[in-house]
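The values are calculated or read from the model by the stated rules, or taken from the named source; none is laboratory data. All values reported here derive from a predicted model rather than from experimental measurement. Ideal geometry is used to build each Cβ from the backbone, glycine not excepted, and the neighbour counts take in all protein chains shown. Ligands, DNA and RNA are excluded from the accessible area calculation, which covers all protein heavy atoms including side chains. Shrake-Rupley method; radii C 1.70, N 1.55, O 1.52, S 1.80 Å.
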Amino acid sequence: MASAAEQLASNLNFSTFAKAEDLKKRLWFTLAALLVYRLGTHIPLPGLNPEAYAQAFRGQAGGILGLFNMFSGGAVQRMAIFALGIMPYISASIIVQLMTSVVPALENLKKEGEQGRKIINQYTRYGTVLLGALQAYGISVGLESGNGLVVDPGIFFRISTVVTLLGGTMFLMWLGEQITSRGIGNGISLIIFAGIAAGLPQALAGTLELGRTGALSTTLILAVIVIAIAVIAVIVFVERAQRRLLIQYPKRQVGNRMFQGDTSHLPLKLNTSGVIPAIFASSLLLLPATLAGFANTTSLPAWATAVVAALGHGRPLYMLLYGLLIAFFAFFYTAIVFNPKDTADNLKKHGGFIPGIRPGERTAEYIDYVLTRITVIGAIYLVFVCILPEILVSQTGIPLSLGGTSLLIVVSVTLDTVAQIQGHLIAQQYEGLIKKSKLRGGKRGR
């Protein structure tokens with residue numbers, strides 16, 4: 001079956017795509033939904049002074065606001081109705097995933113299949129509303145504390161801000177679900193991808209302008225482009241890399257017929273945790289600088305000022321802690337999303353076993369041993385991809401807005417979306433082959 005699928009994938013061409021009407025409808029729907037999202041990032045929040053806010057944001061662009069602005073496609077910089085973006089939903093999803101490993105009731109729901117998944121998704125939506133409302137209220141209070149940022153501060157502004165920002169987040173959550181069901185790819189990931197990709201042309205134009213004015217040498221710009229291409233190649237290779245464990249199934253008898261034992265593979269991704277460790281690590285490290293920026297710097301004690309300065313971008317302490325946190329969250333999140341014991345129990349239930357390993361507890365220990373070894377490689381890869389842009393910025397001064405976290409998201413989402421498009425084309429070609437075989441069978445019958 002795998003070889004047949006690979007042969008079909010190699011035979012895909014433009015004519016196959018032209019005949020895939022359902023795929024084209026899904027692509028157009030996805031593009032239209034992302035266009036709606038991009039339009040929403042330019043609708044400003046009512047009651048703000050745009051000039052005063054733009055000046056205040058420039059002073060905080062290097063903190064956690066800059067990270068959120070990147071994920072929201074510039075909506076935070078403009079304080080648009082989609083300024084919260086999809087981050088409350090992602091945070092709620094991560095919290096619920098963590099709780100499924102701690103709370104027995106949620107763990108049982110996870111094992112109930114589709115019905116349990118729907119209930120967990122509903123809990124995630126409730127968590128999104130709660131986190132979104134808290135963040136929106138915090139933003140409204142923070143805006144009112146600024147000098148001249150709000151035209152008419154008061155309870156009405158706070159209520160309108162909470163309703164507007166929370167409504168924007170819930171709309172994006174709904175839009176992401178619609179893209180997943182009626183479009184192509186994972187809707188939430190594509191929304192984040194669209195926000196990051198929207199800033200690429202401006203970043204590239206700014207870098208080329210620095211080269212034209214002589215602020216950056218042409219050789220340096222070309223070297224950075226070559227390094228970026230090499231890093232993208234590494235990301236593509238590692239994200240598609242798997243450690244496949246051979247699974248064998250014994251012979252079985254159905255009636256009077258004896259069926260030969262089957263073999264398959266248990267794929268373990270080299271980077272099981274995805275981009276979550278980089279997001280967690282950068283958020284935690286940027287939080288002190290953001291809090292210090294909102295506070296009055298003259299009232300901060302000397303030790304706090306020293307810590308904030310040491311945690312600046314490109315500083316040795318920042319890069320050291322950044323790498324350690326990424327490695328820690330890589331192991332932590334992998335342990336949350338993949339349970340070797342459950343996998344071993346499922347294999348034993350269906351009669352599968354790893355050759356040379358006793359089913360049950362020994363199989364779980366072996367899977368955990370292999371997963372730990374490949375997670376070490378995955379953590380080193382994440383640290384390399386995320387630290388390299390920081391080193392380039394600190395040593396060359398080139399303004400790289402596309403950091404390691406955003407680069408991981410862009411490449412990973414692109415790979416997943418292309419894989420889904422290819423899957424639709426393969427299904428289309430299978431249907432064509434089945435129709436042809438039926439027509440030939442009908443002609444022979446006549």
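Some notes on this structure:
- Solvent exposure of TYR89, expressed as accessible area, is near 40 Å², computed with a probe of 1.4 Å over the protein chains only.
- One decimal place: the segment ILE225-VAL370 gains 48.6 nm when fully extended, by the rule 0.36 nm per residue minus the C-alpha distance.
- Applying 1/(1 + (r/R0)^6) with R0 = 35 Å to the Cβ-Cβ distance of ARG212 and PHE237 gives a FRET efficiency near 0.55.
- By accessible area with a 1.4 Å probe, ligands and nucleic acids excluded, highest first: order of ARG158, ARG358, ARG243, ARG373: ARG358, ARG373, ARG243, ARG158
- Zone of LEU35's modelled label, taken as backbone nitrogen in segment 191-222 under 16 Å from a point 7 Å along Cα→Cβ: none
- Label-point separation in nm, VAL163 to GLN395, each point 7 Å along Cα→Cβ: 5.4 nm
- Accessible-area rank, largest first, for LEU246, LEU109: LEU246, LEU109, with all protein chains present and a 1.4 angstrom probe.
- Label positions at THR180 and ILE377, each projected 7 Å from the Cα along the C-beta direction, are separated by 3.0 nm.
- Solvent-accessible surface (1.4 angstrom probe) belonging to ASP152, in square angstrom, nearest 10: 120 Å²
- The residues of segment 319-422 expose, per residue, 50 Å² of accessible area to a 1.4 Å probe.
- Two-site FRET efficiency, PHE156 against LEU284, from Cβ-Cβ distance with R₀ of 30 Å, rounded to 0.05: 0.30
- Modelled label positions at THR305 and VAL337, each set 7 Å beyond Cα in the direction of Cβ, lie 4.3 nm from each other.
- Between segment 205-254 and segment 65-139, the Cα center-to-center distance that results, in Å: 28 Å
- Overall form of segment 170-231 per C-alpha gyration tensor (a/c, 1.5; a/b vs b/c): prolate
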